[in-house]
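Asks: Just passing along the structure, written as structure tokens.
All of the numbers you see were taken from the coordinates with simple rules; none came from a lab. Values in this document were obtained by computation on a predicted structure and should not be read as measured data. For neighbour counting, all protein chains shown are included, and Cβ atoms are generated from backbone atoms with ideal geometry for every residue, glycine included.
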Amino acid sequence: MYLAHFGLRERPFGITPDTSYAYAAGSHQEALNTLVVALKSGEGFIKITGQVGTGKTLLCRRFLASLGDKYFTAYLPNPSLAPLPLLLAIADELGLKLNAKEEQHQLIKHVNKRLLDLARAGKTVVFCVDEAQTAPLESLEALRLLSNLETEKRKLMHVVLFGQPELNQKLADPSVRQLLQRIAFHYHMQGLRRKELGYYLTHRLQVAGYRGPSLFSRFALARLYNYSRGIPRLVNILANKSLLAAYGEGKALVSGAHVKAAARDTEGVKLRRWWPF
């Protein structure tokens, strides 16, 4: 492995979301600001969309980690469930152990009571749903029904939907039009901007223990941005393979040729024409 070769403590470009490596790129920070403002405004539903690999799960984890003691947080990584299993999963996240044989309306009553109890204890419930585009329409409607409960002053549960652009298509279905109307705040995440790429790489390398000069030449940066289109997950995959290629040649600097070799070895990357400036 190239860790010792480049003076690294650990791999800097893993694809598993890790908040210790979070970089406050423009789009990422704007999305986080949207979440904070929406939560303070007391809105029931918030929607964050973005293409695969733009950092939605990392944003979700960073958002949840930023909330203080007055919030009760819950996280659902896989909402591709029918309404009844979805309600049971939500209940479990809220600390309830319910009987799966009960009718749906009874389960909703139990969940509503739990939300009221949390509100009386001064807690605001924030429920984050990852990969929301996989949820069936009936389950999205069940989420809306849960969000109906509110006091005279505020909602008892705030639901944040994180999903790919297909979520917008799903929400355009007339059967969930009431849910769509309740989404007062939404944000679509973009990839890294060209000028952010070098800072992003430096940040991750430093977190991993690197303290030397830049490991990527300007031609490597140009090719890396062109091949990845600024999508953080692709940037990480290509940067990791580029370091491996440089290490294999005993080089201390990643060149454009190393990045091109990495791109050729990566599914979903097109070897497009590129401009170094």
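Asks: Using R₀ = 22 Å, calculate the FRET efficiency as 1/(1 + (r/R₀)^6) where r is the Cβ-Cβ separation of Q51 and T19; round to 0.05.
Replies: E(calc), rounded to 0.05, equals 0.60.
Asks: What's the local net charge at E141, with K and R +1, D and E -1, over the other residues with C-beta under 15 Å away?
Replies: Counting the neighbours of E141, the net charge comes to +2.
Asks: Related question: First check a/c for the range 83-168, with a ≥ b ≥ c the square roots of the eigenvalues of its C-alpha gyration tensor; if it is under 1.5, answer rounded, and if not, answer prolate when a/b is larger than b/c or oblate otherwise.
Replies: Judged from the Cα gyration tensor, the range 83-168 comes out oblate (a/c at least 1.5, b/c at or above a/b).
Asks: Rounded to whole Å, give me the distance from the Cα center of the range 100-163 to that of the range 211-277.
Replies: Computed from Cα coordinates, the inter-centre distance equals 44 Å.
Asks: List, in order, the whole-Hz ³J(HN,Hα) value for each residue of the range 70-79 obtained from phi through the Karplus relation with A = 6.51, B = -1.76, C = 1.60 and θ = phi - 60°; use x for Gly and Pro.
Replies: Values per residue, Gly and Pro as x: 7, 10, 9, 9, 9, 9, 10, x, 9, x Hz.
Asks: Give a quick list of trypsin sites (Lys or Arg not before Pro) in the range 130-194 that DSSP marks as loop, anything other than H, G, I, E or B, with at most 10 other Cβ atoms within 10 Å.
Replies: K153
Asks: Suppose we look only past 32 Å in the calculated P(r) of the chain. What percent of the Cα-Cα pairs does that tail hold?
Replies: 36
Asks: Let me ask something else. Which of Y71, F162, A245 sits closest to the plus end of the dipole of the chain, meaning its Cα is farthest towards the positive end, when Lys and Arg get +1 and Asp and Glu get -1 on the C-beta?
Replies: Towards the positive end, the residue furthest out is A245.
Asks: Cross-link candidates for K109: which lysines have Cα within less than 26 Å, leaving aside residues fewer than 8 places away along the same chain?
Replies: Once the sequence-local lysines are set aside, what remains near K109 is K47, K70, K97, K101, K123, K153, K155.
Asks: What does the charge add up to near F13, with Lys and Arg as +1, Asp and Glu as -1, over the other residues with Cβ less than 13 Å from its Cβ?
Replies: Once all neighbours under 13 Å are counted, the net charge is +2.
Asks: Compute, for the range 1-155, the length of the dipole vector about the Cα centre, with Cβ point charges of +1 (Lys, Arg) and -1 (Asp, Glu) only. Units Debye, rounded to 20.
Replies: About 400 debye.
Asks: Here is a further query. Tell me what the chain gives for mean residue ellipticity at 222 nm when only DSSP H runs of n ≥ 4 count, each as -39,500 (n - 2.57), the sum divided by the residue total, rounded to 500 deg cm²/dmol.
Replies: When only DSSP H runs of four or more count, the value is -14000 deg cm²/dmol.
Asks: Calculate, for A184 and H5, the FRET efficiency according to 1/(1 + (r/R0)^6) with r their C-beta to C-beta distance and R0 45 Å; round to the nearest 0.05.
Replies: Step by step, r from the Cβ atoms, then E = 0.30.
Asks: Moving to a separate point now. Once R0 is set to 22 Å, what does the formula 1/(1 + (r/R0)^6) return for the Cβ-Cβ distance between S41 and V207, expressed as a FRET efficiency to the nearest 0.05?
Replies: E between S41 and V207, to the nearest 0.05, is 0.10.
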